[in-house]
1. Could you tell me which of the pairs 429/469; 250/398; 212/250; 401/448; 212/375 are separated by over 19 angstrom between their Cα atoms in the structure shown?
2. Taking 0.36 nm per intervening residue step and subtracting the Cα-Cα distance, what contour gain separates residue 287 from residue 119 on full extension?
3. Report the extension gain between residue 15 and residue 54 in nm, rounded to one decimal, defined as 0.36 nm multiplied by the number of residues separating them, less their alpha carbon distance.
4. Stick to Cα atoms and the Kirkwood definition of Rh, then tell me Rg/Rh for the range 381-456.
5. Calculate the FRET efficiency for residue 446 and residue 389 from the Cβ-Cβ distance with a Förster distance of 41 Å, rounded to the nearest 0.05.
6. Could you let me know the centre-to-centre spacing of the range 389-425 and the range 249-265, using Cα atoms, in angstrom?
7. Using the heavy atoms of the protein chains and a 1.4 angstrom probe, tell me the accessible area per residue for the range 403-466 in square angstrom.
8. Work out, step by step, the length gained on full extension between residue 110 and residue 144: first 0.36 nm times the residue separation, then minus their alpha carbon distance; give nm to one decimal.
Amino acid sequence: MKETWSSIASLMGVLAFCQTLLHTVFPPELRFAFLKLFSRIFLSFSSYCYFDITEIDGVNTNELYNAVQLYLSSSASISGSRLTLTRALNSSAITFGLSNNDVILDTYNSIPLLWEHVVSQRQSQSFSWRPLPDEKRGFTLRIRKKDKPLVLASYLDYIMDAAADIRRKNQDRLLYTNSRGGSLDGRGHPWESVPFKHPSTFDTLAMDPDTKEEIMNDLRDFASGQSFYQKTGRAWKRGYLLYGPPGTGKSSMIAAMANFLGYDIYDLELTEVHTNSELRKLLMKTSSKSIIVIEDIDCSINLTNRNAAANNSSNSNKSPKTRHQCDSEMGSGAMEETGSNNTITLSGLLNFTDGLWSCCGSERIFVFTTNHVEKLDPALLRSGRMDMHIFMSYCSFKSLKILLKNYLDYGEGDLEQSVWDELEQVVDKARMTPADVSEHLIKYRRDKAKAVRELIEVLKLKAEMNAGKRGLELEEEQEQEQEKRTLVAEDDESKLDLHEDGKGLVIKENGKMEHHHKE
């Protein structure tokens, strides 16, 4: 045993002597050059190449490092064995990350890529205005040399885009408003934001399922259509017009679209904007992947049919009573805003949605809502500005099923078929909005059976009232038609003139005169 320890001690002494001799004969510069040469020889025979992505580039944070960390979190949460958990500010989700010196395998276009998270202690630093962290962090990417052109050409850009999508989905939605019009705050922003936590989704939206599926497919095609829009030379934007009676779910539709795509919402209040230049300034300060909303466009400012001005000028020749009747028929949205400082024109709004300034961003959706689509100018409704017109109708039988499922948790088999048949017979005739039906279900939600019974009674009562109103409307239409016929008959009689002269009977009709002799 002593001989063994003596041999080990002798060997350690020899190694120490060799190390001392090596440091004496070969200075550090020579050793570094030798290791560098050896590394180059090794890499020249190796089939792999390596790329290092450090956390801090000089004194600035490396954006690519954060993107890689966020991108790998989606794969690490599934395949990693030792993970780090993080939750960013204004984020509602927990992200996963690689632990120190852990590796993970990724695949891109059937190409294997190995990522390693390298963490090492940083050497003591001298005085600095910005102290660096004690640990030096970075990612090392190992790929095959033959795959290097393809990876550098598109893989890193793919990581940046994927990380941006993950970051946007993890963060809370924001609702922006221009409460100060177009003026800027201390940071140079005209928009004020609050967290947007509206729970509306397409699953809870009371709407025909076929129509909802069509809208969702259109939104999917838009969100994934960057290459299509670039190929066709179109700006990456889309316009939606939501119209229908009040209470049919237009605002809920906007919230469902934002939650479906993960977009922020910019609620543009036109009455707070005074000039077209302010409108353009607001547009320039909106971000990509957002929904720009103008609600009740027919009631905001004078942006209705351009023939309104001509109608007003022609109405000036009429009596005051007649002019008042014409103004009432045109509605408040078509009346001139005399005394207002608002000088936004229809042309300015059209350029906002479909002009050159609308192309200063990408992946944006314009949504207009109105209760009276007939009051809007046709130029505002054409394709390219409002690409998809969505009619928000009264509550149908399919919509009623969704509401019963949402509020009472009643499915197809939870009610008798006779009850479903009775609801189907009266719901279309009742012409109730989803908001009215929802309010009724909320009122009786503690007693589900009573809620269904009361709902049937309310629907029947509304149907009878609508039938009575329709009968009165038909009677009024018949009376008006009879009055028109009477007026036409009287007018025809007034045009027929009969008189007799000395020679015979004279008949004068529509300016023509016939003379009939007595013979």
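The values are calculated or read from the model by the stated rules, or taken from the named source; none is laboratory data. Because the structure is a prediction, the values reported are computed rather than measured. Every residue, glycine among them, receives a Cβ derived from its backbone with ideal geometry; neighbour counts consider all protein chains shown. Note: accessible area is taken over every heavy atom of the protein model, side chains too, but ligands, DNA and RNA are not part of it. Shrake-Rupley method; radii C 1.70, N 1.55, O 1.52, S 1.80 Å.
1. On the way: 429/469 12 Å; 250/398 17 Å; 212/250 13 Å; 401/448 14 Å; 212/375 26 Å.
From the list (429/469; 250/398; 212/250; 401/448; 212/375), the Cα-Cα distance tops 19 Å for 212/375.
2. Details: separation 168, 0.36 × 168 = 60.48 nm, distance 3.55 nm.
Answer, rounded to one decimal: 56.9 nm.
3. Numbers: separation 39, 0.36 × 39 = 14.04 nm, distance 3.64 nm.
Computed gain between residue 15 and residue 54 is 10.4 nm.
4. Numbers: Rg = 15.0 Å, Rh = 13.6 Å.
Taking Rh as the inverse mean 1/r over Cα pairs, Rg/Rh reads 1.11.
5. Values: r = 40 Å, r/R0 = 0.97.
Taking R0 as 41 Å, the efficiency between residue 446 and residue 389 is 0.55.
6. The range 389-425 and the range 249-265 have Cα centres separated by 23 Å.
7. Working: 3900 Å² over 64 residues.
Dividing the accessible area of the range 403-466 by its residue count gives 61 Å².
8. On the way: separation 34, 0.36 × 34 = 12.24 nm, distance 1.25 nm.
Net length gain for the segment: 11.0 nm.
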